[in-house]
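In what follows, a structure is listed as structure tokens, so that the remarks can point back to it.
Where a number appears in this text, it was derived from the coordinates with a stated rule and is not lab data. Because the structure is predicted, anything quoted here is derived from the model rather than measured. Here the Cβ positions follow ideal geometry from the backbone for every residue, glycine too, while neighbour counts run over all protein chains shown.
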Amino acid sequence: MHRHGYKGRKFGRERDQRRALLKGLASALIERGSIKTTLPKAKEVVPYTEKLITKAKKGDLHSRRQVIAKLANPASAHKLVDEIAPKLTKRTSGHLRIDKDLMGRRGDNAAMATVTFVDELNVAPVAKKVETDNLPAVDTPKLNAKSKKTASAPEAAKRTATQSGLHASDAKTAGKRTGRRGNR
């Protein structure tokens with residue numbers, strides 16, 4: 001059979017699975033800044049993400065909704081439109097780079113590649129800072145009193161083992177015994 005007129009790779013998947021794969025790869029690329037995947041997947045995800053970047057550079061509501069529809073989660077779409085796209089104004093296309101890895105994947109020797117942004121984005125995930133000034137003071141004697149009342153884990157296992165009729169040495173393996181029919 002001829003290949004004339006067919007575009008794109010099938011990856012041995014159905015259409016909805018291919019779409020989900022591309023959405024997931026593009027979202028991961030936007031969230032992390034770079035991804036490592038097989039070479040054919042990298043060659044497919046680059047034009048897909050380039051089109052999304054072009055739409056995100058517009059910045060209006062309609063293009064934002066189109067980007068949300070083409071990515072796996074809205075958080076990565078908002079990150080693309082709000083943080084990444086404004087930093088990519090000096091070029092009109094070619095925002096992504098494919099670097100082929102020299103070694104194949106260990107299991108099946110598949111050709112691997114890394115997809116990254118050409119420009120440095122310096123977009124780090126923002127960690128929420130917890131203010132310790134407004135937190136109530138913890139009373140440590142109460143915590144110590146509670147810890148004295150509770151028995152340690154080995155003592156509790158011995159106690160439950162002797163109550164159930166097992167020897168204390170079998171207490172460690174009492175909950176771990178599984179056979180073909182599960183716990184006995």
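Please identify which residues in segment 1-33 have an amide N closer than 17 Å to a label point set 7 Å out from the Cα of Lys43, following the Cα→Cβ vector.
In segment 1-33, the label zone of Lys43 (backbone N under 17 Å from the point 7 Å along Cα→Cβ) covers 3-13, 22.
Given H placed on each backbone N at 1.01 Å, which residues far from Ala110 in sequence or on other chains put an amide H within less than 5 Å of it?
Arg105
Over the Cα atoms of segment 5-61, Rg to Rh with Kirkwood Rh, two decimal places?
1.00
Going down the table (Lys10/Lys90; Lys10/Lys87; Lys7/Lys87; Lys58/Lys100; Lys10/Lys51), which pairs top 29 Å between alpha carbons?
Lys10/Lys90; Lys10/Lys87; Lys7/Lys87; Lys58/Lys100
Starting at the first residue of segment 73-84, write each ³J(HN,Hα) from the Karplus equation 6.51 cos²θ - 1.76 cosθ + 1.60 with θ = phi - 60°, in whole Hz, x for Gly and Pro.
9, x, 5, 5, 5, 5, 5, 5, 6, 8, 9, 7
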